[in-house]
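Reviewing the structure listed below.
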Amino acid sequence: MAAFVKAINAKIRSNPVSNYICSTHFWGPVSNFGIPIAAVLDTQKSPDLISGPMTFALCIYSATFMRYSLAVQPKNYLLFACHFVNEGAQLTQGYRFLQWHKWGGKEQAGLEGAVEAGKEKVQQLEVKAQELVGKK
């Protein structure tokens, strides 16, 4: 049995493509791509849900591993791409967090909501006034 496994392993490792696909240089970044995919999808959600400390931690994490992916031998460009995408998404989330919590985004949204509610109330009153005028 050991000889059979050894022969299969030698066959896989002899082909550069299958050797790469069976390595941690491939599967590590592939499994790690869940983080940037989630971060990109989160850019469509409310900025009120963003955690500032977690976003900061993920920015540091991605920057560190972008550097690491180019420091190892052989260079792992797939890992670099994964963390590059994540860094961009986390910086976007960080900007949205600061805009919402520190630079008046929450207050602006509240004002816009109040203006919309006022417009709706005025429209309701106009309809009611038209009905009253039409009855006379």
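Spatially close Lys pairs in the chain, defined by Cα atoms under 21 Å apart and a spacing of eight or more places or different chains, total 5. Against the criterion of solvent-accessible heavy-atom surface with a 1.4 angstrom probe, THR92, THR55, THR24 sort, most first, into THR24, THR92, THR55.
The GNM of the chain, with springs linking C-alpha atoms under 10 angstrom apart, assigns the highest mean-square fluctuation among GLY94, GLY104, GLY52 to GLY104. In the chain, the inverse of the mean reciprocal separation of distinct Cα atoms equals 19.5 Å; this is its Kirkwood hydrodynamic radius.
Could you tell me which residue out of PHE80, ALA114, TRP103 lies farthest along the dipole of region 1-123 toward its positive end? Charges go on the beta carbon: Lys and Arg +1, Asp and Glu -1, centred on the Cα centre. Farthest along the dipole direction, towards plus: PHE80.
Comparing LYS45, LYS11, LYS75 in a Gaussian network model of the chain, where Cα atoms under 10 Å apart are tied by springs, the biggest mean-square fluctuation is seen for LYS11. The GNM of the chain, with springs linking C-alpha atoms under 10 angstrom apart, assigns the highest mean-square fluctuation among VAL122, VAL30, VAL85 to VAL122.
The values are calculated or read from the model by the stated rules, or taken from the named source; none is laboratory data. The structure displayed is predicted, hence computed values, not measured ones. Because the Cβ atoms are built from the backbone with ideal geometry, glycine has one as well, and the counts that use them run over all protein chains shown. These area figures cover heavy atoms from the full protein model, side chains too; ligands, DNA and RNA do not enter into them. Shrake-Rupley method; radii C 1.70, N 1.55, O 1.52, S 1.80 Å.
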